[in-house]
Amino acid sequence: MFNRTNALILLVAIAGAIGGFLAGGWLKPLPSPAHAIPHMLKIGDAVPPVQRPDIDGTPRALAEWRGKLVLVNFWASWCGPCREEMPLLDKTQQRLAAKGFQIVGIASDSVASTRSFLDAVPVHYPILIDDPARGEGLSETFGNDRDVLPYSVLIGADGRILARRAGNFTEAKLEAWLAPYL
């Protein structure tokens, strides 16, 4: 039976739901201005000054590798396809380094999780940290509008974006993706 008590409970529940919905909209965290880049980069855009710490906390800038063909690979220790792809990227880095090719991994993860993964699966290319818990989100700036990992961006020697790719590579797909630029 529906009585006054049930009606009051229903009214309070509805008011609480509406209040929670409105408060959620007002209390969203704002993006961090320290890491904000004004727009999403497109193919052909010059890469702006970007700096992130490595796993030892040393600030590193993507500009360090200017003059090389750079594959920036966004990944995370919890991402299965990322974990599968890391040995292939490491092998490719070692094989193509003499041709002016450089891979830079950017972990969308904490330093502790990144370090733990790299202790088990070491790589021979630099790893930078873009910790989402700190409000960072560099992959979105580089065009990752679907928030997919792994996500790779190829930057030419002139510092302009040549190509972007969501998802992990097989050896054949990586070779085909890099071939026009080597």
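Of all residues in segment 74-96, count the ones that are in a helix (DSSP H, G or I), without any contact (Cβ under 8 Å) to a residue 60 or more places away in the chain and surrounded by fewer than 17 Cβ atoms within 10 Å (Cβ to Cβ). Lay out the reasoning, then the answer.
Start the filter on segment 74-96 by keeping residues that are in a helix (DSSP H, G or I), which leaves 80-96.
Those still in the list that are without any contact (Cβ under 8 Å) to a residue 60 or more places away in the chain too: 80, 83, 86-87, 90-91, 93-95.
With the extra rule that they be surrounded by fewer than 17 Cβ atoms within 10 Å (Cβ to Cβ), the set shrinks to 80, 87, 91, 94-95.
Total meeting the criteria: 5.
Report yes if some residue within segment 156-165 is among the β-branched types (V, I, T) and touching an Asp or Glu at 6+ places or on another chain (Cβ under 8 Å); otherwise report no.
yes
Say we look at segment 100-140 and pick out the residues that are open to solvent by 60 Å² or more (accessible area, probe 1.4 Å) and charged (D, E, K, R); which of these is nearest to A76 (Cα to Cα)?
R115
I'd like to check something: does segment 141-148 contain any residue that is open to solvent by less than 10 Å² (accessible area, probe 1.4 Å), among the β-branched types (V, I, T) and touching a strand residue (DSSP E or B) at 6+ places or on another chain (Cβ under 8 Å)?
no
So for segment 80-94 (the condition being at pLDDT 95 or above and touching a helix residue (DSSP H, G or I) at 6+ places or on another chain (Cβ under 7 Å)), does at least one residue qualify?
Taking every residue of segment 80-94 in turn, at least one turns out to be at pLDDT 95 or above and touching a helix residue (DSSP H, G or I) at 6+ places or on another chain (Cβ under 7 Å).
If you take the residues of segment 171-181 that are in contact (Cβ under 8 Å) with a residue 60 or more places away in the chain and open to solvent by 60 Å² or more (accessible area, probe 1.4 Å), which of them is nearest to I43 (Cα to Cα)?
Looking at the filtered set, the residue picked out is Y181.
Enumerate the helices (runs of 4 or more DSSP H) found wholly within segment 97-182, keeping only those where 1 or more residues are at pLDDT 95 or above.
Where helices (runs of 4 or more DSSP H) fall fully within segment 97-182 and carry at least 1 residues being at pLDDT 95 or above, they are 111-120, 171-178.
Based on this model, can you work out whether V153 counts as farther than 21 Å from F169 by Cβ and either basic (K, R) or touching a residue at least 60 places away in the same chain (Cβ under 8 Å) (or both)?
no
The values are calculated or read from the model by the stated rules, or taken from the named source; none is laboratory data. No experiment lies behind these values; they were computed from the predicted model shown. In this analysis, Cβ positions are derived from the backbone assuming ideal geometry, glycine residues included, and neighbour counts consider all displayed protein chains. The accessibility values were calculated without ligands, DNA or RNA, using every heavy atom of the protein model including side chains. Shrake-Rupley method; radii C 1.70, N 1.55, O 1.52, S 1.80 Å.
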